[in-house]
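Colleague: Here it is: the structure, laid out below.
Readers should treat all values here as calculations from the given coordinates under stated rules, not as data from a laboratory. What you see is a predicted model, and the numbers here were worked out from it, not measured in a lab. Reconstructed Cβ throughout: ideal geometry from the backbone, glycine too, with neighbour counts over all protein chains shown.
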Amino acid sequence: MFDTLSTEMLGNIYVGLLGLSVLLYAILDGYDLGVGVLFPPREEDFRNDMIASIGPYWDANETWLVLAIGLLLIAFPQAHSAFLQTLYIPATLMLAGLILRGVAFDFRAKVAQVKNVNGIWPSSMAHC
């Protein structure tokens, strides 16, 4: 079955899968990032509602980004190497931002009883 696939056809399949995973990440994570943009100037009850609306989904959306990087590594290792060597600093900052956003979600849920959720963790959700 797969013997008839040429290298050009496999390349096209991988490019299509790579494009689909980046598109799904952009669409699905765009909602989360929009909540982060709207987060700072709102009152506390509205903030809690916004966080509750994306709570079950925010972490799963980054899976599409991991899939895209994995496909790039498997299908096009030279492009993966050139891409990450060129964009090492921005990719590292993006990864740190995604990690801080996850930590901010967890800390906000754990500190909800204290009523003082001001500081670095809510603002890190706004910037990611």
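Colleague: Inspect the range 98-108 for any residue being under 13 Å from the mean Cα position of the chain (by Cα), not in a helix (DSSP H, G or I) and not acidic (Asp, Glu) and give the result as yes or no.
Modeller: Step one: of the range 98-108, the residues under 13 Å from the mean Cα position of the chain (by Cα) are 98-102.
From what's left, not in a helix (DSSP H, G or I): none.
Checked the range 98-108: no residue is under 13 Å from the mean Cα position of the chain (by Cα), not in a helix (DSSP H, G or I) and not acidic (Asp, Glu).
Colleague: Evaluate the following for residue 51: is it surrounded by 17 or more Cβ atoms within 10 Å (Cβ to Cβ), aliphatic (A, V, I, L, M), over 11 Å from the mean Cα position of the chain (by Cα) and on the phi < 0 side of the Ramachandran plot? Lay out the reasoning, then the answer.
Modeller: Numbers: surrounded by 17 or more Cβ atoms within 10 Å (Cβ to Cβ): yes; aliphatic (A, V, I, L, M): yes; over 11 Å from the mean Cα position of the chain (by Cα): yes; on the phi < 0 side of the Ramachandran plot: yes.
Criteria met by residue 51.
Colleague: Looking at residue 14, is it under 15 Å from residue 101 (Cα atoms) and surrounded by fewer than 17 Cβ atoms within 10 Å (Cβ to Cβ)? Please lay out each step first, then the result.
Modeller: Numbers: under 15 Å from residue 101 (Cα atoms): no; surrounded by fewer than 17 Cβ atoms within 10 Å (Cβ to Cβ): yes.
Considered against the rule, which asks whether it is under 15 Å from residue 101 (Cα atoms) and surrounded by fewer than 17 Cβ atoms within 10 Å (Cβ to Cβ), residue 14 comes out as no.
Colleague: Please determine whether any residue of the range 19-39 is more than 20 Å from residue 65 (Cβ to Cβ) and surrounded by 12 or more Cβ atoms within 10 Å (Cβ to Cβ). If you could, list the steps in order and put the result at the bottom.
Modeller: Of all residues in the range 19-39, those more than 20 Å from residue 65 (Cβ to Cβ) come to 38-39.
Next cut, surrounded by 12 or more Cβ atoms within 10 Å (Cβ to Cβ) only: 38-39.
Checked the range 19-39: at least one residue is more than 20 Å from residue 65 (Cβ to Cβ) and surrounded by 12 or more Cβ atoms within 10 Å (Cβ to Cβ).
Colleague: Every residue in the range 35-52 that is free of Cβ contacts under 8 Å to residues at least 24 places away in the same chain and either of a type in the set (Phe, Trp, Tyr) or more than 20 Å from residue 107 (Cα to Cα) (or both), please.
Modeller: Listed by number, the list holds a single entry, 46.
Colleague: In the list 8, 62, which residue meets the criterion of being of a type outside the set (A, V, I, L, M), in a helix (DSSP H, G or I) and in contact with a Phe, Trp or Tyr (Cβ under 8 Å, 6 or more places away or on another chain)? Step through it out loud before you land on a result.
Modeller: Details: 8 fails: in contact with a Phe, Trp or Tyr (Cβ under 8 Å, 6 or more places away or on another chain).
Of 8, 62, the one residue that is of a type outside the set (A, V, I, L, M), in a helix (DSSP H, G or I) and in contact with a Phe, Trp or Tyr (Cβ under 8 Å, 6 or more places away or on another chain) is 62.
Colleague: Out of contact with any helix residue (DSSP H, G or I) (no Cβ under 7 Å at 6 or more places or on another chain), surrounded by 12 or more Cβ atoms within 10 Å (Cβ to Cβ), among the small types (Gly, Ala, Ser) and on the phi < 0 side of the Ramachandran plot: does that describe residue 70?
Modeller: Against the criterion (out of contact with any helix residue (DSSP H, G or I) (no Cβ under 7 Å at 6 or more places or on another chain), surrounded by 12 or more Cβ atoms within 10 Å (Cβ to Cβ), among the small types (Gly, Ala, Ser) and on the phi < 0 side of the Ramachandran plot), residue 70 qualifies.
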